[in-house]
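Please read the structure below before turning to the comments.
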């Protein structure tokens, strides 16, 4: 699997997703907020909507691969399985169950993959092992919690040019998502020759307190990335990431883009996405007239390259037009309506996925945003999202692009 992402809008050729599964049915009104949900999706309809989303990409010649299928291969390999289980159990503070999870007679590769997403209760562990994991643990207690956000596969890792940034999630409830994707990237035969530039297993110094999530990283061009300083991504992490990207030679400039540290704007891509060179979709309340951007540039010689942080006095829109080398077309969420813009931003109208220049997938419910996109010459592929959107994520959130080609497809 060749990895190459040079921008956000060239023809999408390959993408990784996760089809939502049993982890969704673990949600209750008592625990949903702990797992970062504000409502409980209907799993069967959620899967139907996700399948239709995948079909829409495949109909346009996008190769769609599933994280869970790669994980199954990992769990069938003794060495890779052992590493994954140990890392997950340490991260979830249950190292005592690690050895028993290694027992393939009690936990088949298929059941282990299900556990990695849906979690494992004390009662389920007892049923498989025949003994308790600990004294005085309620049967319903999660030894391994579920990870219901895992269908938002954008956040755990991002391909930047020809290498990968492995994320460091802000909330503990999402840390395992990064471990699963990283295990595939580091151990699966389709990926293990590719380099993880940031966040590899061999770089523990890049772990907490540094946090960064994929929804905050946008590849503007072969030389430039934008990173949101948000609720989930810290400025110090952006500085560290910039240094690593500069050292690898993959990127020349990194822009730190401040957005409100609020759940409604959890990532940069909830208020801003790129649809073509010089054409963007944004939530004007946050992005129009935005200032306070910082730019990172290479500092130092060949022996020690670091990132120099510079306050950029340009407005964000001027930075974009300068970097694109063309006048900026900014499409407003909800058509700029003060009433409908925040409503459709909340329903991920701004979180569109460009699968070719000026061709994007978006939720059909965001009618005024779609009208504004089409008026600007962007063709829209509408998908249902009544259940998908309950996790507060859109088409861009649900994909990890692996490869794009500069050759545009027919609309």
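With the crude spin-label approximation of a point 7 Å out along Cα→Cβ, what separation in nm comes out for residue 1 versus residue 374?
3.5
For the range 70-144, what is the largest minus smallest coordinate of the Cα atoms on each principal axis, given in angstrom and ordered from greatest to least?
Between the extreme Cα coordinates on each principal axis of the range 70-144 lie 35, 22, 19 Å.
So in the chain, what percent of DSSP beta bridges are antiparallel if you round to the nearest 5?
60
Using alpha-carbon positions, what is the distance between the centroids of the range 70-122 and the range 259-307, in Å?
That distance is 37 Å.
Treating the angle as unsigned and between 0 and 90°, give the value, to the nearest 10°, between the Cα long axis of helix 109-118 and the longest Cα principal axis of the chain.
Computed tilt is about 60 degrees.
What do you get for the angle between helix 175-187 and the principal long axis of the chain? Use alpha-carbon atoms, 0 to 90 degrees, nearest ten.
90
Taking every pair of alpha-carbon atoms in the chain, give the share separated by more than 36 Å as a whole percent.
Working: 18895 of 84255 pairs.
Above the 36 Å cut-off, the chain has 22 percent of its Cα pairs.
Comparing 232, 365, 161, which has the greatest mean-square fluctuation in the GNM of the chain with Cα pairs linked when under 10 Å apart?
365
Fewest first, what order do 404, 390 take by the number of other Cβ atoms within 10 Å?
390, 404
Picking from 274, 331, 129, which is most flexible by a Gaussian network model of the chain using Cα springs under 10 Å?
Among 274, 331, 129, the largest GNM mean-square fluctuation belongs to 129.
Among 117, 191, which comes first, second and so on when ranked by fewest other beta-carbon atoms within 10 Å?
191, 117
Once you have the Cα-Cα distance between residue 305 and residue 79, take 0.36 nm times their residue separation minus that, and quote the gain in nm to one decimal.
Stretched out fully, the residue 305 to residue 79 stretch lengthens by 77.8 nm.
Give me the mean projected area, in nm² to one decimal, of the convex hull enclosing the Cα positions of the range 127-204.
About 7.5 nm², averaged over all directions.
Using a simple spin-label model with points 7 Å from Cα along the Cα→Cβ vector, what separation in nm is obtained for residue 111 and residue 236?
Placing both labels 7 Å beyond Cα along the Cβ direction yields 4.3 nm.
What residue among 280, 94, 293 shows peak mean-square fluctuation when the chain is described by a Gaussian network model with Cα springs under 10 Å?
Comparing 280, 94, 293 in the GNM, the peak value goes to 94.
Any idea what angle helix 43-58 forms with the longest principal axis of the chain, computed on alpha-carbon atoms, 0 to 90 degrees, nearest 10?
Value to nearest ten degrees: 50.
For the chain, what is the calculated [θ] at 222 nm in deg cm²/dmol (nearest 500), taking -39500 (n - 2.57) for each run of four or more DSSP H residues and dividing by its residue count?
Numbers: 12 runs with 118 residues, N = 411.
Per the formula, -8500 deg cm²/dmol.
Values in this text are rule-based calculations from the coordinates and carry no lab data. All of these numbers come straight from a predicted model, not from anything done at the bench. Glycine also receives a Cβ, built like all others from the backbone with ideal geometry; neighbour counts cover every protein chain displayed.
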